[in-house]
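*Asks:* The structure that follows is given in the form of structure tokens.
The values are calculated or read from the model by the stated rules, or taken from the named source; none is laboratory data. Small disclaimer: the values here were computed from a predicted structure and weren't measured. When we count neighbours, we look across all protein chains shown, and the Cβ atoms used for this are built from the backbone with ideal geometry, even at glycine.
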Amino acid sequence: MSDMGKSKVMMVGAREVICRELTVAAARNLLQSENSGDLVKDALFLDVRLDELVLFTNLTSADISDMYPSELALVVEGCRAVNPDFFAMLDRLSKPAARV
């Protein structure tokens, strides 16, 4: 991954979190990934699975498991801020097609 993408450093509790902009290839891989079968990992947030936060941030799976949903919501917000085009695409894909 190139170091030229956007990033956002934020404090979530006592933890420094770096939210990174994904490359097009990384975004494509996310869209092609399968659900884990773990309802909490797959559905806690509408637009991102918990396992995906590892790709968006410097957090590990263990870090994510130890965090509260309210803390993770802040992380998701940071990820959305540095990946607006990716999340706008997800928003468009989740809406029914407009009728002509």
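*Asks:* Quickly run through region 60-88 and pick out the residues that are over 14 Å from S7 (Cα atoms), touching a strand residue (DSSP E or B) at 6+ places or on another chain (Cβ under 9 Å), part of a helix (DSSP H, G or I) and of a type in the set (A, V, I, L, M).
*Replies:* I64, L72, L74, listed by residue number.
*Asks:* Looking at region 47-71, which of the residues that are among the hydrophobic types (A, V, I, L, M, F, W, C) and more than 10 Å from the chain's Cα centre (by Cα) is nearest to I18 (Cα to Cα)?
*Replies:* L59
*Asks:* Would you say D91 is acidic (D, E), at pLDDT 95 or above and out of contact with any strand residue (DSSP E or B) (no Cβ under 7 Å at 6 or more places or on another chain)?
*Replies:* So D91 fails the test.
*Asks:* Against the condition surrounded by 11 or more Cβ atoms within 10 Å (Cβ to Cβ), within 22 Å of L93 (Cα to Cα) and free of Cβ contacts under 8 Å to residues at least 60 places away in the same chain, how does S61 come out, does it pass?
*Replies:* No; evaluated as a whole, the condition is false for this residue.
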